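The values are calculated or read from the model by the stated rules, or taken from the named source; none is laboratory data. Note that this is a predicted model, so its numbers are computed, not measured. Using ideal geometry, Cβ is built from the backbone for each residue, glycine included, and neighbour counts are taken over all protein chains shown. Note: accessible area is taken over every heavy atom of the protein model, side chains too, but ligands, DNA and RNA are not part of it. Shrake-Rupley method; radii C 1.70, N 1.55, O 1.52, S 1.80 Å.
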Amino acid sequence: MARVALSYIVVAGRRRRIVVAGLVVGLGAVPLLAQSTGRATRAALAATEWPAYGGDAGGSRYAPISQINRRNVAQLREAWRFTTGELDEGERSFEATPILVDGTIYLSTPLGKVFALDPVTGTTKWTFDAGVPVRSGFGDFTSRGVSTWLDSAAVVSSPCRRRIIVATTDARLIALDAQTGTPCSTFGNKGTVSLREGLRNAPFEFAEYEVTSPPAVLNGVIVVGSAVADNNRVNAASGEVRAYDARTGAKRWTWDPVPQNARDAAYATWRGDSAHRTGAANAWSVIAADPVRGLVFVPTGSASPDYYGGKRLGRNDYANSIVALRAATGEVAWHFQTVHHDLWDYDNASPPALVDVTINGQRRAAVLQATKTGMLFVLDRDSGEPLVAVEERTVPASDVEGEESWPTQPFSTLPPLSPHALNAEQAFGGSDATRGACAERLRRLRNEGIFTPPSLRGTLAMPSNIGGAHWGGLAWYAPGNIAIVPVNTVAAYVQLVPAEGTDIAALRREAEARGGQVNRLRGTPFLQVRGLLVGDDGVPCTPPPFGKLVAMDIANGRISWDIPLGNMVPGATPATGSPNLGGPIATAGGLVFIAATLDRQFRAFDAETGRELWSTVLPAGGKATPMTYVGADGRQYVVIAAGGDGSRFGRGDAVIAFALP
């Protein structure tokens, strides 16, 4: 007779009993063995895992578990630490968010390693090495994680029934057996599909094209985007989104964000002889999925080049948009553009979040999109229509010959997440001298508020190209109907310089002395100079806080709380805030967990008030999004990659788990 063991898990503050037939090795085995005792049990079982980058396919980042809560979070201690071994020289960024399925953690690294770990001890079960070249030269040398697919038609325990899907930084799509780490031989070419083949615009150099985010997987289809190097040429590598059969690796469909079919209504929104040869407009962030609706929600970015659109006149539909595609066919179901004719590098960097929101007393299936412009858009998931009003407002016109900026831009009527304007009287600095220098720089720039176009004299970009909101995205705190968003508040500058007659080497020396960069925009008459607006002492010219964590109450259309995130001056009161890159998660314990800051802290906040309840110092900046789960020992763990980026965030290779004593 089979033994029966009883296990308990805390879900949404209540202790639930899980009845399992057979000897329970751990809660990781429960989904295969549990005899359901109702909805609560199924919720409990789901809470033990973190099966996708954002916690679920829709990227809500909400965990309905509360063992760690407001009352006890201050007791969190390190439970285990794993290191990847990638500590050699180079500016690579370790931004992975692990996933957990079937009792195993899986994560990836910039150099193409995939690790399977025990969730309770952090010990290695297996390792796979895709061998990404160390000196690939990628501008954004990172991998944010892996995805998974279960082949329900395969025999239980057969090889590759559960697959780990990784898109390597050098653009290979690989399927691995979740049990052994062995490539699935029936997928593509011995387990691998090249994502560099078949592009409309091929990369002109290896480092121009990469993949940094985990693919979306739903209904037997893998949907993957790409990252394209910014600011190099008009016809940059193209940004097609492609779908592959999860079993065989065969390509199912391709969708190009630069329309190629004249019968597509979006085609006419791209004007000029070379407009339809434009590259980029790619989806480098995480694609959200709704398996029930059979839709993927694709966050696209700017068409090439970012700061000059004279060769791609028009509104540029599909670029800088949330595009809902039918996963089975690649057909566009709807699209919503967050920036028209982008001239500011305002990609949709934040992953869309698919959540149910309460608006006017009704529950609505929504898509939440936070943007670099410091706005939060709330869209109907079925139609793309705004659930919170959006207004088209007149914005400044370009004064650059050949450019035609779009006359209006969409503004969410929710309060801005970050400032939209900065004047010389608001200039900040580490001393009176640097403050005065910042004020003088601001007076020289063209500065008419958000969406002031790039100019020959130089333009203030506020928010900057790192946001506002950024690739860290948002977390949904379901009990409060609150979206929690990390944002940056620092400004940037951008200048177009005629290429003819300009000493590029001298211009580059001058720009780099201020921490800026110079790019030749091939196919246009211009060079581009850009950088963050900081003083000679490295202190931002914008007043603190330099970064914030903002809680938006969707139902009431107001900001619930707004606090500095990070502290660049230890002990300073109030905290200065910090430029930040990395995301939050929320739990039923009433908590928000986030690292992301330059001060290398990992913090927990009260989700309803924003009060900081716990923090710890990481060995390097947690430039990543954490995850949480309940292990086989019944304990809740919170895990963060603390690998930095080889530069301002420090250098590291650690994955650290925290739990209660």
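What the table shows:
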{"read-out": "Per residue value of the accessible surface for the range 472-582 (all protein chains in place, 1.4 Å probe), Å²", "value": "38 Å²"}
{"read-out": "Compactness of the range 553-597 as Cα Rg over 2.2 N^0.38 Å, two decimals", "value": "1.37"}
{"read-out": "Protection-proxy order for peptides 218-224, 592-598, 148-154, each taking the mean of Cβ atoms within 10 Å per residue, highest first", "value": "592-598, 218-224, 148-154"}
{"read-out": "Along each principal axis, Cα extent of the range 88-134, largest first, Å", "value": "33, 18, 16"}
{"read-out": "The range 130-182: equivalent-ellipsoid semi-axes (sqrt of 5 x gyration tensor eigenvalues, Cα, Å)", "value": "28, 10, 7"}
{"read-out": "Protein-only accessible surface order, largest first, of LYS113, LYS190 at 1.4 Å", "value": "LYS190, LYS113"}
{"read-out": "Of LYS311/LYS372; LYS113/LYS251; LYS113/LYS311; LYS251/LYS623, those spanning more than 31 Å from alpha-carbon to alpha-carbon", "value": "LYS113/LYS311; LYS251/LYS623"}
{"read-out": "The range 352-492 - charge dipole about Cα centre, Lys and Arg +1 at Cβ, Asp and Glu -1, debye rounded to 20", "value": "420 debye"}
{"read-out": "Virtual spin-label span in nm between ARG271 and VAL156, 7 Å along Cα→Cβ", "value": "6.3 nm"}
{"read-out": "Probe 1.4 Å - accessible area at ASP553, Å² to nearest ten", "value": "10 Å²"}
{"read-out": "Packing-based order for 312-325, 158-171, using average beta carbon neighbours within 10 Å, highest first", "value": "312-325, 158-171"}
{"read-out": "Cα-based Rg of the range 173-287 normalised by 2.2 N^0.38 Å, two decimals", "value": "1.16"}
{"read-out": "Cα-based convex hull volume of the range 125-220 per residue, rounded to whole Å³", "value": "111 Å³"}
{"read-out": "For the range 237-293, accessible area per residue (1.4 Å probe, heavy atoms of protein chains only), Å²", "value": "40 Å²"}
{"read-out": "Percent carbon-and-sulfur accessible area, the chain, ignoring ligands, DNA and RNA, probe 1.4 Å", "value": "50 percent"}
{"read-out": "About the Cα centre, charge dipole magnitude for the chain (Lys/Arg +1, Asp/Glu -1 at Cβ), debye", "value": "1720 debye"}
{"read-out": "Accessible-area order (highest first, 1.4 angstrom probe) of the listed residues LEU456, LEU521", "value": "LEU456, LEU521"}
{"read-out": "Interchain or long-range residues, amide H under 5 Å from PHE411's placed H", "value": "GLU391, GLU392, ARG393"}
{"read-out": "HN-Hα J in Hz across the range 208-216 - Karplus 6.51, -1.76, 1.60, θ = phi - 60°, x for Gly and Pro", "value": "6, 10, 8, 10, 10, 10, x, x, 8"}
{"read-out": "Residue-averaged [θ]222 nm for the chain, counting only DSSP H segments that reach four residues, each worth -39500 (n - 2.57)", "value": "-1500 deg cm²/dmol"}
{"read-out": "Centre separation in Å (Cα based) which lies between the range 68-94 and the range 304-383", "value": "32 Å"}
{"read-out": "Spin-label model distance (nm) - THR248 vs SER383, 7 Å beyond Cα toward Cβ", "value": "3.9 nm"}
{"read-out": "Accessible area per residue in Å² at 1.4 Å probe, computed on the range 64-223", "value": "38 Å²"}
{"read-out": "Viscosity 1.002 mPa s, temperature 20 °C, Stokes-Einstein D of the chain from Kirkwood C-alpha radius, µm²/s", "value": "86 µm²/s"}
{"read-out": "Distant-in-sequence amide H partners of VAL221 (H built 1.01 Å from N, under 5 Å)", "value": "ALA246"}
{"read-out": "Built amide H within the under 5 Å cut-off of LEU591, gap 5+", "value": "ALA607"}
{"read-out": "Burial order of peptide ranges 354-365, 465-476 (average beta-carbon count within 10 Å, highest first)", "value": "465-476, 354-365"}
{"read-out": "DSSP-defined beta bridges in the chain - what % are antiparallel, rounded to 5", "value": "95 percent"}
{"read-out": "Taking the chain and dividing mean pair separation by its residue count, relative contact order in percent (alpha carbons under 8 Å, at least six apart)", "value": "13 percent"}
